[in-house]
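These notes are about the structure you will find just below.
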Amino acid sequence: MPKQYIARAGRTTLKLSLVEGTKAYVQLKREVEAEGILDRDYFYYVKLFLFVFSGFFLSWFILFLSTSFIAIILSSILVAFFAVQITGFFHDAGHRAIFKSSKYNDIVGYFTCFFLAYTYKKWRVNHNRHHANPNEEDMDPDIERPMFSFNNDQMKSKKGIWKTLSQLQLYTYYPIGTLTAIYAQLANIFYFVKEPRKTKYWEKLLFAVGITLWILGPLAVFGLTKASIFYLVAY
């Protein structure tokens with residue numbers, strides 16, 4: 001029996017075979033391309049790049065000059081804000097939305113991931129898996145979190161502190177969710193340890209420099225008190 005795909009439009013449900021689904025997709029893609037929706041807008045990305053990175057570095061400079069508690073908090077929020085904007089670049093690069101060339105998109109991806117101590121290759125593979133299986137348990141890496149459980153089997157498989165956190169996730173989900181950024185950074189360390197052959201030496205070096213600047217940089221430059229406020233607010 002041919003594999004079927006279910007397409008829903010409002011209250012109408014259509015069951016399509018693989019061939020029919022492929023034809024529908026090809027037709028839709030032609031219409032989208034004809035409308036110019038997928039055309040690249042390089043000028044937009046140039047403007048966005050200048051705005052985001054200017055704001056990012058300026059925020060760090062303001063944080064460096066800040067001495068009062070309020071000023072440190074506000075500048076830390078600015079750093080966090082522009083850091084999140086940077087994720088948009090490697091997200092779009094991973095989707096091949098900035099350049100037509102995969103090579104140039106990857107260059108942007110690696111470059112921007114460096115500033116957040118992320119690993120572009122790991123992120124892109126996981127993000128593609130997410131889009132292929134959105135919110136599918138055991139298939140979507142975006143819902144693979146040791147501190148949360150999404151079904152009874154996951155709950156039963158956990159031990160120790162992870163099991164305790166899962167049992168309390170009604171109360172801990174949002175507080176722990178705010179730590180997504182640092183979790184994503186540290187998860188890369190285990191990725192390099194677990195999959196050493198999947199990455200090149202320069203990828204490891206790029207991440208090592210990036211994570212050192214993020215974790216040890218504020219401590220070395222700001223001192224323990226100021227760095228602790230920054231970590232608490234920014235993360």
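The values are calculated or read from the model by the stated rules, or taken from the named source; none is laboratory data. Please read these numbers as outputs of a predicted model, since none were measured by experiment. Note: ideal-geometry Cβ built from the backbone for every residue, glycine included; neighbour counts use all protein chains shown. Accessible surface is based on the protein model in full, side chains and every heavy atom, while ligands, DNA and RNA are left aside. Shrake-Rupley method; radii C 1.70, N 1.55, O 1.52, S 1.80 Å.
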Next on the checklist: I'd like the FRET efficiency for VAL125 and SER68, computed as 1/(1 + (r/R0)^6) with the beta carbon distance as r and R0 of 35 Å, rounded to 0.05.
Outcome noted: 0.20
Item to check | Pairs beyond 28 Å (Cα-Cα), from LYS198/LYS226; LYS103/LYS226; LYS15/LYS103; LYS47/LYS204; LYS100/LYS200 | outcome: LYS198/LYS226; LYS103/LYS226; LYS15/LYS103; LYS47/LYS204
Item to check | Size of charge dipole - the stretch 134-235 - debye, nearest 20, with Cβ of Lys, Arg +1 and Asp, Glu -1, no other charges | outcome: 480 debye
Checklist entry - Ignoring ligands, DNA and RNA, what accessible area per residue does the chain give at 1.4 Å, in Å²? => result 67 Å²
Checklist entry - Put +1 on the Cβ of every Lys and Arg and -1 on every Asp and Glu Cβ in the chain; which of THR172, ASN133, PHE190 then has its Cα farthest towards the positive end of the dipole? => result PHE190
Checklist entry - Picking from ARG30, ARG197, ARG129, which is most flexible by a Gaussian network model of the chain using Cα springs under 10 Å? => result ARG30
Checklist entry - With the chain treated as a Gaussian network of Cα nodes joined by springs under 10 Å, which of ASP92, ASP153, ASP138 yields the largest mean-square fluctuation? => result ASP153
Next on the checklist: Around ASN135, under 15 Å between beta carbons, what's the net of Lys plus Arg minus Asp minus Glu among the other residues?
Outcome noted: -4
Checklist entry - Summing Lys, Arg as +1 and Asp, Glu as -1, what charge do residues with Cβ under 14 Å from the Cβ of ILE98 carry, ILE98 excluded? => result +2
Item to check | Cα Rg, Dmax (largest Cα-Cα span) when computed across the stretch 153-194, Å | outcome: 12.3, 32
Item to check | Leading residue at positive end of dipole, the chain (Cβ point charges), from VAL221, ILE107, ALA83 | outcome: ILE107
Checklist entry - Share of the stretch 111-235's accessible area from carbon and sulfur, percent, 1.4 Å? => result 65 percent
Next on the checklist: If you take every residue apart from ILE211 with its C-beta less than 14 Å away from the C-beta of ILE211, what net charge results, scoring Lys and Arg +1 and Asp and Glu -1?
Outcome noted: +1
